[in-house]
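S.K.: Let me begin by handing over the structure; questions about it come next.
Nothing in this text is a laboratory measurement; each read-out follows from the coordinates by a stated rule. If you're wondering where the values come from, they're calculated on a predicted model, not measured in any experiment. Note that we place each Cβ from the backbone using ideal geometry, even for glycine, and neighbour counts take in every protein chain shown.
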Amino acid sequence: MIIAVASGKGGTGKTTVAVALSLAGSEPVIYADCDVEEPNGSIFLRPEVACTEKVLVEVPKIDEEKCTSCGKCARFCQFNALVSLGTPPLVFPELCHSCGGCEIVCPAGAISWKKVPVGEITLGKSDGGRISVIQGKLDVGSSLAPPVIRQVKSYIADDALTVIDCPPGTSCPVIESLGDADYVLLVTEPTPFGLHDLKLAVETVRVLGLPFSVVINRFDEGDSGVEDYCLEESIHVTARIPHRREMAEAYSKGGNLFDAIPEMRALFEGIPRIIERGVEEK
Amino acid sequence: MKEIVVISGKGGTGKTSITGCFAALAENAILADCDVDAADLHMLLAPEVTKKTDFISGNEAIIREDDCTGCGICMEKCKFNAIEITAEGKYRVDPFGCEGCMVCVEVCPVKAIDFPPNHCGEWYYSHTRFGPMVHARLGIAQENSGKLVSTVRREAAAKAEELKKDLIIVDGPPGIGCPVIASITGASLLVVVTEPTISGKHDMKRVLELAKHFSVPALVIVNKWDINPGMTAEIEKETLLGDAYPIGRIPYDRAFTAAQINGRTLVEETTGTAVENITTIWEQVCRKLK
Ligand code: SF4
Ligand code: SF4
Ligand code: SF4
Ligand code: SF4
């Protein structure tokens, strides 16, 4: 089963929850860090790294001997990654989505492909080998998070419990990360910003038709807006994490939720089973 | 005209609250919210929208069922696996998977695929108690957040020109991906708001690398610095190593949440150390801009 942990707004404790879910049980689990712009799960899971690999995408290479400078490829490209001014086209690899269209339209067969790196995948093991940690990391200066996320997801095995740490927001990287999820936990905090961004996240998972529930972090701070909203919308609140200064301190040093609040472990251990039962009933 | 962009790498460091304070402290500025994915600045500034514009960007493929012969070529050529066969055996484009590359339109032998422009969101021109504001909302599950960010920045610059304002204050998006790149390229100055945690430090380093990559000067604020004074000192050291300057610390203060609940910026909500620190930081930012 694949549980995605997401939040509209960053900094609500999404990684804390995803890490806690991975640490709580005694079954094998895959932790997949799809927050590839700022992957932070490894700070808390401290995996022993087994291997790393580059994420490569294909961008066009123009054979200037064959190219007739007709400009068809540049006119076709929807992402302005090719510019031709009566010359063989210039390629802007950072804009290319690797759709393959330019090669299809080129009448001269002048386009072939070359691979360029956009990120890196790290595979490791944590908690004595029980937790497989897959981390995707976008190269600084690259804007192509989705291919890195796709490669992280290619390591997910169907049978194992998988926890996906999603990027924040509601746009393409999140949609990519939520792709194969069976269930979504939306992490929020009880503040006006938290509520506003939770509503966007709820709209997103509803549009995608995914079952979900909410985790309220620092539930005893802030106001009652999030609780009222969940009640009105009949959204289940799976967990409420109290605000503790120890938590902020533990987090700042790379400690996990159970280092600060050990009594939360039993609750998190039960979450995958509760979710599984819920999903099966549907 | 100068443009300051406030970013954070990691979410939840207090970036928007601090941008709100800057908006309150600045004189003669245009405000812009480029966190189009999860825009929150309007909750502090209560903008009155005076003009709303649709944001159309890119196109979306749609198969006309009646004309489709079911040859499957489009599905084979779509690099994004966005074309699926429905339970009824029809070919269909998954709107969330489609990147609008037009390859299917090109390869369909019977031209059965339409390619209408995509309505991805809206952007707004508004009045706030601190001056004009440009902001936007990206539609749910939409692409092109980078282009919407560019639109917001362009419109803010045009307004600044028109109203003879000499400063634009931008609330930037989290992360280091396409909307962030769109927010910072060509800006006068970046203000990075971080927090003294390992994640905060880690993410700040990536943001500073990005700033360097695009040659934008950067200043760093450590918010909630007293949560971990040792880490704060480390971050300030890293800042200098990353070719940026630490310009101040702000203590952890529950009044940030209270201000948010009251729909006010911190400088309007209260007085005290945090407000004093922010005011000093703002003066320094202005000095750096000169
Ligand atoms: S592969 Fe697609 S996006 Fe890349 S240059 Fe060719 S047409 Fe443009
Ligand atoms: S379509 Fe082919 S021949 Fe024409 S400009 Fe592009 S690469 Fe050259
Ligand atoms: S436009 Fe591109 S991404 Fe969309 S369905 Fe067609 S081939 Fe696939
Ligand atoms: S290529 Fe055209 S005709 Fe063939 S399956 Fe796709 S839409 Fe239908």
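S.K.: Using only the Cα atoms of chain A, construct the convex hull and provide its projected area averaged over every direction, in square nanometres to one decimal.
M.R.: 16.8
S.K.: Turning to a different aspect of this structure: For the range A:205-265, what is Rg from Cα atoms divided by 2.2 N^0.38 Å, rounded to two decimals?
M.R.: 1.34
S.K.: Turning to a different aspect of this structure: Starting at 0 and stepping by 5 Å, how many percent of the alpha carbon pairs of the range B:96-242 end up in each bin?
M.R.: 2, 8, 15, 14, 14, 14, 12, 9, 5, 3, 2, 1, 0, 0
S.K.: Ranking A:PHE219, B:PHE256 by Cβ neighbours within 10 Å, fewest first, what do you get?
M.R.: Lowest count first: A:PHE219, B:PHE256.
S.K.: A further question follows. Per-residue Cβ counts within 10 Å, from other chains only, averaged over A:131-142: what number is that?
M.R.: If you average over the peptide's residues, the count of other-chain Cβ atoms is 3.
S.K.: Can I ask one more? For the protein assembly as shown, what are Rg and Dmax over the alpha carbons, in angstrom?
M.R.: For the protein assembly as shown, the Cα radius of gyration and maximum Cα-Cα distance read 23.7, 71 Å.
S.K.: Using only alpha carbon positions, build the gyration tensor of chain B, then give the equivalent ellipsoid semi-axes as the square roots of 5 times its eigenvalues, largest first, whole angstrom.
M.R.: 42, 21, 17
S.K.: Continuing with this model, one more query. State to the nearest 20 debye the size of the charge dipole of the protein assembly as shown about its Cα centre, where the only charges are +1 on K and R beta carbons and -1 on D and E beta carbons.
M.R.: Roughly 1260 debye, rounded to the nearest 20.
S.K.: Could you give the dipole magnitude of the range A:89-193 about its Cα centre, charging the beta-carbon of Lys and Arg +1 and that of Asp and Glu -1, in debye to the nearest 20?
M.R.: In total the dipole reaches around 340 debye.
S.K.: Are any of the pairs A:LYS153/B:LYS15; A:LYS9/A:LYS199; A:LYS137/B:LYS237; A:LYS61/B:LYS111; A:LYS137/B:LYS224 more than 19 Å apart by Cα-Cα distance, and if so, which?
M.R.: Cα-Cα > 19 Å for A:LYS153/B:LYS15; A:LYS137/B:LYS237; A:LYS61/B:LYS111; A:LYS137/B:LYS224; rest within.
S.K.: Send over the Kirkwood Rh of the range A:84-224, from the inverse of the averaged 1/r over different Cα pairs, rounded to one decimal Å.
M.R.: Computed over Cα pairs of the range A:84-224, the Kirkwood hydrodynamic radius comes out at 18.5 Å.
S.K.: Now for a separate question. Quick check on packing: order B:52-61, A:47-56, B:245-254, A:146-155 by the mean number of other C-beta atoms within 10 Å, highest mean leading.
M.R.: Ranked by mean Cβ neighbours within 10 Å, highest first: A:146-155, B:245-254, B:52-61, A:47-56.
S.K.: If I stretch the segment between A:TYR155 and A:CYS51 completely, what's the gain in nm (0.36 nm per residue apart, minus their alpha carbon distance), one decimal?
M.R.: 36.1 nm
S.K.: Take each of the peptides B:209-219, B:139-149, average the number of other beta-carbon atoms within 10 Å over its residues, and list them starting from the highest.
M.R.: So the peptides B:209-219, B:139-149, ranked by packing, come out B:139-149, B:209-219.
S.K.: How high is the relative contact order of the range A:101-161, given as a whole-number percent (alpha carbon pairs under 8 Å, six or more residues apart)?
M.R.: Relative contact order of the range A:101-161: 25 percent.
S.K.: Determine Rg/Rh for the range B:235-276; Rg is computed over alpha-carbon atoms and Rh is the Kirkwood hydrodynamic estimate from the same atoms.
M.R.: Rounded to two decimals, Rg over Rh is 1.16.
S.K.: Partner chain Cβ atoms within 10 Å, averaged over the residues of A:35-44 - can you pull that number for me?
M.R.: Counting Cβ atoms of other protein chains within 10 Å of each residue's Cβ and averaging gives 6.
S.K.: Here is a follow-up. Could you tell me the distance between the Cα centroids of the range B:43-76 and the range B:1-36, to the nearest Å?
M.R.: Centre-to-centre (Cα) distance: 30 Å.
S.K.: Based on C-alpha coordinates, I'd like the Rg and Dmax of the range B:171-278, in Å.
M.R.: That works out to 14.4, 39 Å for Rg and Dmax.
S.K.: Could you work out Rg/(2.2 N^0.38 Å) for the range A:149-282, with Rg from alpha carbons only?
M.R.: Rg over 2.2 N^0.38 Å, computed on Cα atoms: 1.09.
S.K.: Continuing with the same structure: Per-residue mean of other chain beta-carbon atoms within 10 angstrom of the beta-carbon, peptide B:31-41?
M.R.: What the average comes to for B:31-41 is 4.
S.K.: Out of every Cα-Cα pair in the range A:1-56, what percent are more than 15 Å apart?
M.R.: Cα-Cα pairs in the range A:1-56 separated by more than 15 Å: 54 percent.
S.K.: Okay, next question. Could you state the orientation-averaged shadow area of the convex hull built on the Cα atoms of the range B:12-51, in nm² to one decimal?
M.R.: Quarter of the Cα hull surface area: 3.3 nm².
S.K.: Could I ask something else about it? Most exposed first by the Cβ proxy, i.e. fewest other Cβ within 10 Å, how do B:GLU3, B:GLU276 rank?
M.R.: B:GLU276, B:GLU3
S.K.: For chain B, which cysteines have no second Cys with its Cβ under 4.7 Å from theirs?
M.R.: When partners are defined as cysteine Cβ atoms under 4.7 Å apart, chain B leaves B:CYS21, B:CYS34, B:CYS68, B:CYS71, B:CYS78, B:CYS98, B:CYS108, B:CYS120, B:CYS178, B:CYS286 without one.
S.K.: Dividing the convex hull volume of the alpha carbon atoms of the range B:48-131 by its residue count, what do you get in Å³ per residue?
M.R.: Hull volume normalised by residue count: 124 Å³.
S.K.: Over all pairs of distinct alpha carbons, what does the Kirkwood formula give as the hydrodynamic radius of the range B:89-168, in Å?
M.R.: 15.6
S.K.: Okay, moving on. Going by Cβ distance under 4.7 Å, what cysteines of chain A have no possible disulfide partner?
M.R.: If one checks each Cβ against the other cysteines of chain A, A:CYS34, A:CYS51, A:CYS67, A:CYS70, A:CYS77, A:CYS96, A:CYS106, A:CYS166, A:CYS172, A:CYS230 turn up with nothing under 4.7 Å.
S.K.: Using the Cα centre of the range A:116-254 as origin and beta-carbon charges of +1 (Lys, Arg) and -1 (Asp, Glu), tell me which of A:ALA201, A:GLY254, A:THR170 is placed farthest towards the positive end of the dipole.
M.R.: Comparing the listed Cα positions along the dipole, A:GLY254 ranks first.
S.K.: Moving on. Alpha carbon centre of the range A:151-206 versus the range A:208-240: separation in Å?
M.R.: The distance from the Cα centre of the range A:151-206 to that of the range A:208-240 comes to 15 Å.
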